[in-house]
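The values are calculated or read from the model by the stated rules, or taken from the named source; none is laboratory data. Here the structure is a predicted model, which is why all the values come from computation and not from measurement. Backbone-built Cβ (ideal geometry, glycine too); neighbour counts: all protein chains shown. Accessible surface is based on the protein model in full, side chains and every heavy atom, while ligands, DNA and RNA are left aside. Shrake-Rupley method; radii C 1.70, N 1.55, O 1.52, S 1.80 Å.
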Amino acid sequence: MLFQLHEPGETPAPHESERGLAVGIDLGTTNSVVALARDGAAEVLRDRDGGGLVPSVVHYADDGAVVVGQDARRMLLEQPDHVVSSVKRLMGRGTEDLKTLAGTLPFKLDVAADGGMVRLAVAGRTLTPVEVSADILRALRIRAELAQGKSVDRAVITVPAYFDDGARTATKDAARLAGLEVLRLVNEPTAAALAYGLDNSSEGLYAVFDLGGGTFDVSILRMEKGVFQVRATGGDSALGGDDIDHAIAEHFLAERAAIHGEVAITEGEAKQALAAARVAKECLSGRQDGEWVIEVDGKPSRHALTRDRMEELAAPWIDRTAAICRAVIEDAGIEVADIQGVVLVGGSTRMPLVRRKVKEIFGREPLSDINPDEVVAVGAALQAEALTVGSDTLLLDVTPLSLGIETMGNIVEKVIPRNTPIPVAMAQEFTTYQDGQTAMSIHVVQGEREMVDQCRSLARFVLRGIPNMAAGAARIRVTFTVDADGLLTVSASEATTGVEQQVAVKPSYGLTEDEMAAMLRDSLVHAKDDMTSRLFAETVVEARRSVLAVQAALKVDSDLLSDAERQDIDVAILRVDQAIASNDRDAVTAAMESLEAATKIFAERRMDRGIRSALAGMTVEKLDDALGE
Amino acid sequence: MNVSAVAAVTSCWSCKGPVAARALFCSVCGAVQGPGAIDHYTRLGMSPSFDVDLDELQRQYFGFQRRLHPDRFAAKSGKEKALSQLQATALNEAYETLKDPLKRAAYLLGLRGHPVDLTACGTINDRELLMEQMEKREALAEATTPEQVAKLAMGNESEVIACQCHISAAFNAGNLDEAAHLTIRLKYLVKLAEEARAKKSRVIRTP
Ligand SMILES: [Zn+2]
């Protein structure tokens, strides 16, 4: 990185040109897309053949080489145990969760890894879903860098609106491993609305129906003059086109077994049957019938399938989306008739069955003029530009799931209800239930059910040092803070003593900081350089802000300084500029400290003047009021 | 704007100079300031009344969020990001409180020094209200068709609106006891409306 030396007084705001590009990434279950926006127009970054979709499939060779995308998908049948697909379904999942998902996932799990985060056994290695996702993100980053001939270091990454805290954190961790700073995690339906809203300058209430490979989201938004306000969101983070593929594959395998008899299916055969099922599903969106071949035990078998029969197989899954839509409309406090348009997102919405269902639910033809596979990445790219270059649009999103803590009898006490606008901070008071209780275990959960075991466990921590009091006397205040990325932080304090504890909610199924650090070391050859340059960039932003603040103050109050004092400050500013140019973080920090020291007297005099002039315009009573605040 | 607003002065965290305690941005260096301890009405630039123009409230809320939302500070320093998050959080809390008549009534009673506790789930000590609520609940429990539920919900809805009008009148007459009494009644009416809505979707789903 190169920094130009500026004359004192000319330090510019941090230049966008110093940074790499900021892209929008749709990290999908089946396919991923990367896009870049310039001047309010987003472009999907394509390969030589014009394809915008990068299959979210990773091949791990024995020699350690990693291949992502089409080439990896081709290896799916040849070397199934070296290929990972649909890893998004495992993001933020614990080994416990897999009991419910078992059998529906195309993975071989590392069973030795007990508790905590899921690990995959691939090509003799043990990988976390975070690492696999990082490999996909890295490939997308490289695609963008090759297309633009510039480095890419920041991204807006989309996540299903219904992703819980663990899955969001895992996504952010994956980006870090891939060397990308996450500008914002944006919910997929919200990103799609952004892509539509800006194009169509639509106003009113809209629904976004997003059925992807592995996740389903539906959001109700109000769009108005550049404001995108999410009213309610809902979904199922384990419902998508993959489920339909499975239903079709099982149908083929059952037909085969009826003819050739039951045999154990190998991993490769299962993956091949799934691949045939996916092709069948896609073909039947355009045709009425067809015939597909699967191979088991070395014997190929042919399977005819009509669209009607395929739709029968898919119907149970699609029906589930209808129930979720109705619940979300109710949550938004609106009637179906209030909705002015329905936007379709996700490859699975190409199925005629899905389109008919959407029309039935919402009573109107859905909009799909933007490619449903690319619309989310387009919205993400627009938001990346808005966040780095600036924009008048405003995204106001909500929490998808209620957040609460466990109380007596395994009952969940909700602290933040679902569909609360974010960022948000809410507190609830709890008390001890035993005399002399000095510690309290706090269990944070996410979900809508009343019992703890039906909700998702996010974290546990213990608040210690509660003073010895009778049961019910202590007042423990637990504060939940959800930031604009939808990520939760929890703090707890005891009101009578002020004992406080803060936890970033990471534990239950996440990576520890140590694991993260080790992965950064392993996965990025230049991990250290990368970290250093990021920290340096942050320090430079801070240093430039300080210098600009001092210069602004000099403009209005320089008469408070003697010539010598003024010169000291000018020199200190020059030192900060030089330190920035020297590319040395410690030097910048030291120069900032000197600047702070050189301006101390100046700041004091400015405060004196400010208070005096405020006093001049105030009566004594008003001053008392002011001081009493 | 209230000209006599207290012009308390604090120190800007960024340029260290004087800044009005209620300023959103420093007039000298432009840095965003913390949200400060101001009431929800002041925060959204609304006059403290029960009668709130919801369109104006939303315009004010969007206007402040446009300037203070963390998305406006993505390229700024860590401190500015953190302050904008606090500002946006405070705006959300203010907006969510003021747009809801029940929360707004309870909040305004608190501001006027006559707090009511809406979270207390204790017994209703108003005999008349108690009898009325028991009757309505029974009627809802006995309703079996969507039409019956809808009829009850509509009746309740008009009572909600009437109750809000009475609360407004009580505030305007400065009768806080009456406003508090009606706010508690509104709480039960709203609760019944929620139950009716839940029942309506149950009745529709299981014909
Ligand atoms: Zn300032």
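See the values below:
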quantity: Neighbour net charge for A:Glu494 - beta-carbon separation under 12 angstrom, K R +1, D E -1; calculated: +1
quantity: Relative contact order of chain A, defined on C-alpha pairs under 8 angstrom at six or more residues apart (%); calculated: 14
quantity: Total accessible surface hidden between A and B, rounded to 100 Å², 1.4 Å probe; calculated: 3500
quantity: Estimated inter-spin distance, A:Glu43 and A:Lys108, nm [label 7 Å along Cα→Cβ]; calculated: 4.3
quantity: Relative contact order of the stretch B:90-207, defined on C-alpha pairs under 8 angstrom at six or more residues apart (%); calculated: 32
quantity: Cα-based shape type of the stretch B:3-99, given that a ≥ b ≥ c are square roots of the gyration tensor eigenvalues and the cut on a/c is 1.5; calculated: oblate
quantity: Dimensionless Rg ratio for the stretch B:127-205, taking C-alpha atoms and the 2.2 N^0.38 Å reference; calculated: 1.21
quantity: Whole-number accessible area per residue in Å² for the stretch A:247-300, which is evaluated in the context of all protein chains at 1.4 Å; calculated: 52
quantity: Carbon plus sulfur fraction of accessible area for the stretch A:337-463, probe 1.4 Å, in percent; calculated: 46
quantity: Magnitude of the charge dipole, the stretch B:3-99, Cβ model with Lys/Arg +1 and Asp/Glu -1, debye to 20; calculated: 560
quantity: For A:Val122, residues with placed amide H under 5 Å, excluding near neighbours; calculated: A:Leu127
quantity: Net charge, A:Asp586 excluded, C-beta distance under 15 Å - Lys, Arg +1, Asp, Glu -1; calculated: -2
quantity: Between 0 and 90°, nearest 10: helix A:585-598 axis offset from chain A longest Cα axis; calculated: 30
quantity: Average projection area in nm² (convex hull over Cα atoms of the stretch A:403-513, one quarter of hull surface); calculated: 7.0
quantity: The protein assembly as shown - Rg over Rh from alpha carbon coordinates, Kirkwood radius; calculated: 0.99
quantity: q = 0.17, 0.18 Å⁻¹: log10 I(q)/I(0) that the Debye formula gives for the stretch A:527-626, counting C-alpha atoms only; calculated: -0.78, -0.83
quantity: Euclidean distance of C-alpha centroids, the stretch A:274-296 and the stretch B:41-118, integer Å; calculated: 54
quantity: Interface residues in the stretch A:411-430 - accessible area drops by 50 Å² or more relative to the isolated chain, probe 1.4 Å; calculated: A:Pro421, A:Pro423
quantity: Out-of-range pairs (alpha-carbon distance over 21 Å; input B:Lys136/B:Lys200; A:Lys414/B:Lys191; B:Lys151/B:Lys191; A:Lys414/B:Lys103; A:Lys555/B:Lys81); calculated: A:Lys555/B:Lys81
quantity: Taking the stretch A:527-626 and dividing mean pair separation by its residue count, relative contact order in percent (alpha carbons under 8 Å, at least six apart); calculated: 31
quantity: Residues losing 30 Å² or more accessible surface upon assembly, the stretch B:76-107, compared with the chain by itself, 1.4 Å; calculated: B:Ser77, B:Gln85, B:Thr89, B:Asn92, B:Glu96
quantity: Cα centroid separation, the stretch B:160-207 to the stretch A:155-234 (Å); calculated: 34
quantity: Solvent-accessible area, 1.4 Å probe, carbon plus sulfur percent, for the stretch B:127-205; calculated: 58
quantity: Rg(Cα)/(2.2 N^0.38 Å) for the stretch A:37-81, N = residue count; calculated: 1.53
quantity: Cut-off 10 Å between beta-carbons: net charge of the residues surrounding A:Thr215, Lys and Arg +1, Asp and Glu -1; calculated: -3
quantity: Between 0 and 90°, nearest 10: helix A:129-148 axis offset from chain A longest Cα axis; calculated: 80
quantity: Longest to shortest principal axis, alpha-carbon extents of the stretch A:296-449, angstrom; calculated: 72, 53, 39
quantity: With Cα atoms, 0 to 90° folded angle of helix A:352-362 axis to chain A main axis; calculated: 50
quantity: Kirkwood Rh and Cα Rg combined as Rg/Rh, chain B; calculated: 1.10
quantity: Amide H within-cut-off set for B:Ala75, under 5 Å, with H built and near neighbours excluded; calculated: none
quantity: Within 10 Å of each Cβ in B:65-72, the average number of Cβ atoms from other chains; calculated: 5
quantity: Distant-in-sequence amide H partners of A:Ile294 (H built 1.01 Å from N, under 5 Å); calculated: A:Ser301, A:His303
